[in-house]
Each structure stands twice: as structure tokens, then as C-alpha cells.
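Quick notes on the structure that follows.
The values are calculated or read from the model by the stated rules, or taken from the named source; none is laboratory data. Predicted, not measured: the structure shown is a model, and the values here were computed from it. Reconstructed Cβ throughout: ideal geometry from the backbone, glycine too, with neighbour counts over all protein chains shown. Just the protein is used for accessible areas: all its heavy atoms, side chains included, with ligands, DNA and RNA removed. Shrake-Rupley method; radii C 1.70, N 1.55, O 1.52, S 1.80 Å.
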Amino acid sequence: MRVLVVEDHVRLADSVARVLRREGMAVDVAHEGTGALERAVEVEYDVVVLDRDLPGVSGDEVCRRLMGEPLRTRVLMLTAAGTIADRVQGLTIGADDYLPKPFAYPELVARIRALGRRSQPAVPPVLVRGDLVLDPARRVATRAGTPLPLNPKELAVLEYLLTAQGRVVSAEELLERVWDEATDPFTTTVKATMNRLRSKLGEPPVIETVPRAGYRI
């Protein structure tokens, strides 16, 4: 899942990004509205976590402009104003969900995952392919009933390949959807991660390399 966190409080933005990355999400950060809009047009995010009280271009205006674009991006609006009227107004301008501050990180993660599922074609909550099972919400993968020691990025790659349902996924697509903007586009990190993932998945192999095209399960 690719997420954009838009929050002018740098420490809070960094804290949110750190939590989401631990959950295997690819996270970019913007601290003001103009930068957020530029990123959201360049990269089609699954979810934008949007502070309503931004300086300059407000969170409300960012949300309105995003709703005017042909994007599948879902918007989770954050604000210190948590009255019913505030929530109604936020949802009225186009936000898909609304979470008042202060919030609990487990709830934030759960809401982002729920919105992320809505931004994609419908997939089951637990992904199964043969004896391979992945529960994205619990961040647990097993093969033939044996837990797999996958790190967050390996889990994210496996989840993306499983949700592709046999479609060939290019290395470029994986880099865009699973890694954030800080990643060097010429890096070999996709290949290295895929090699580790294959090793941990064991035999018989479940990930196929399609020459000059990419990977599929």
C-alpha cells in the first residue's frame, strides 16, 4: 500500500510515517498543501492521511482538489476539531473517513487498511494460494501451516503479488507501489528482496520470473 502523510507538525508526521512503515506500507510525507497536491498527481496513492489544519493551502482545499482529479485515492482526514459538525463538514467536502486528534495508532492503521481495500478491486481479507496463506491485517504469512519469518517489506511484496491474482507484476510497478519516493529508481532492492522472499518461501517455488516482464505467483 502506498500512503501519503500530509501533516505540518514534523514530529507527528515522522511518527505516523514510522508506524505505517513498520506495518509494511510505503510512506511519503508532505508538510504543506501545495507539496501534497504535487505528489498526489505524480503518484497515485492508495490513501492520503490529511491534516485538515494545514498552513497555506488548507487540508479542506487539498481534499477538494483531489476529489476533482480522476484518482482512486482515498482520503483520511485528521484534525484536532472532533465535533460532529466538523466530521460532517469534512466528509461533505470529499473525505472518505475522519479521525480526530489525539488518536490511537492501532485505530489509525486499521482505518488506513480499510480505506486501502476500498481503493483496490475487492480481495478477500485473507489471501490464499495453494498452501501459502497471508493475513494482511495480522501481518502473518504461513506455508503448509508453518509461520514464515518475513520482514515488513517482504510481506508487502508478497501481499502485492497475491492481490495481483496471477497477473505479471513488473519490478517498476513493485518499486512504485511497495517502496516510497526516497528509493533510488535504479536500485537492485526489488531483486534483492525477491531473492530473500523466495528463499524464505521454500520449495516448491511459488514466485515465477517472467523474462523481460516481471514476477507472478
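For the reader, a short list of remarks on this structure follows.
- Scope the stretch 109-135; condition in contact with a Lys or Arg (Cβ under 6 Å, 6 or more places away or on another chain) and modelled with pLDDT of 90 or more; matching residues: Leu115, Asp131, Leu132
- Whether a residue is among the aliphatic types (A, V, I, L, M) and closer than 18 Å to Val10 by Cβ was assessed, and Leu78 passes this test.
- Picking from residues in the stretch 147-161 that are in contact with a Lys or Arg (Cβ under 7 Å, 6 or more places away or on another chain) and open to solvent by 50 Å² or more (accessible area, probe 1.4 Å), the one that is modelled with the lowest pLDDT is Pro152.
- Subset of the stretch 136-146 that is closer than 23 Å to Val19 by Cβ and open to solvent by 30 Å² or more (accessible area, probe 1.4 Å) - its residue that is modelled with the lowest pLDDT: Ala137
- Qualifying residue in the stretch 162-172 (condition: loosely packed, with under 13 Cβ neighbours inside 10 Å, more than 21 Å from the chain's Cα centre (by Cα) and not acidic (Asp, Glu)): no
- On inspection, Arg111 does not qualify as in a helix (DSSP H, G or I), free of Cβ contacts under 8 Å to residues at least 12 places away in the same chain and surrounded by 11 or more Cβ atoms within 10 Å (Cβ to Cβ).
- Being open to solvent by less than 20 Å² (accessible area, probe 1.4 Å) and either part of a loop (DSSP other than H, G, I, E, B) or touching a helix residue (DSSP H, G or I) at 6+ places or on another chain (Cβ under 7 Å) (or both) holds for only one residue in Thr187, Thr193, Thr183, and it is Thr193.
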